[in-house]
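Colleague: Pasting a structure below so you can have a look.
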Amino acid sequence: MANGVEKESVLMMFSDEELREISGVKRGGDYIEVTCGCTSHRYGDAVGRLRVFSNGDLEITCECTPGCNEDKMTPAAFEKHSGRETARKWKNNVWVIANGEKVPLSKTVLLKYYNQASKHGNGSHRSHNGRVCHRDEFVRCARCNKERRFRLRTKEECLIHHNALADKNWKCSDLPYDKYVSPLHLIKHLSSKF
């Protein structure tokens, strides 16, 4: 029974429309797998397979060279392994292929369920440099019963959280994300308005 619930939650994670533009998508038991990479100016592209699990965990298997045995790495560890000069920005440096272009994870739907706050159970609101940062809020999905994180850094983000909190039937698929728009599509869209 639990396995059936996991499979159903994976199918609900992302719609086919959301994943249509991303290359190399495979659906597994409780995860979705896509081809990803990280570019180093010195060493070039390191390619891997990113798994996005239904519980929000991210895991990368490196395929940078035929002899590489790096497996089950976090995106931050993959970024460091690739030799990226400006590490510590994995959401912008690790990419997937969407519409034939390298697109940072932060601009895709793939981070919609990522929940870093649950990885640190100490409840501290201090960042790695010791400064206090704004804590995020969570809303429970009416469909899969999982808590989803809402950033509360701007008025718009606070409004999105407030509206989700007020909606008793709020579901994960209602969670907004930074949709990637190709420059060509944007030019066509803007030129059609004039």
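Colleague: Within region 47-61, restricting attention to residues that are under 13 Å from residue 36 (Cα atoms) and open to solvent by 10 Å² or more (accessible area, probe 1.4 Å), which residue is nearest to the chain's Cα centre (by Cα)? Outline the logic, then answer.
Modeller: Going residue by residue through region 47-61, those that are under 13 Å from residue 36 (Cα atoms) are 47-52, 58-61.
The next check asks that each one be open to solvent by 10 Å² or more (accessible area, probe 1.4 Å); those that pass are 47, 49, 51, 58-59, 61.
On the way: 47: 17, 49: 14, 51: 10, 58: 8, 59: 11, 61: 16 Å.
The extreme case among them is 58.
Colleague: Filter the helices (runs of 4 or more DSSP H) completely within region 80-194 down to those with at least 2 residues that are at pLDDT 85 or above and open to solvent by less than 90 Å² (accessible area, probe 1.4 Å). Explain how you work it out, then say what you get.
Modeller: Working: elements: 90-93, 155-166, 183-192.
Qualifying helices (runs of 4 or more DSSP H): 90-93, 155-166.
Colleague: So, one more: Please go through region 62-73 and pick out each residue that is more than 19 Å from residue 26 (Cα to Cα) and surrounded by fewer than 19 Cβ atoms within 10 Å (Cβ to Cβ).
Modeller: Of all residues in region 62-73, those more than 19 Å from residue 26 (Cα to Cα) come to 64-70.
The answer is 65, 66, 67, 68, 69, 70.
Colleague: Could you check region 34-46 and list, in sequence order, the residues that are more than 14 Å from the chain's Cα centre (by Cα) and open to solvent by 10 Å² or more (accessible area, probe 1.4 Å)?
Modeller: Those that are more than 14 Å from the chain's Cα centre (by Cα) and open to solvent by 10 Å² or more (accessible area, probe 1.4 Å): 39, 41, 42, 43, 44, 45.
The values are calculated or read from the model by the stated rules, or taken from the named source; none is laboratory data. If you're wondering where the values come from, they're calculated on a predicted model, not measured in any experiment. When we count neighbours, we look across all protein chains shown, and the Cβ atoms used for this are built from the backbone with ideal geometry, even at glycine. Ligands, DNA and RNA are excluded from the accessible area calculation, which covers all protein heavy atoms including side chains. Shrake-Rupley method; radii C 1.70, N 1.55, O 1.52, S 1.80 Å.
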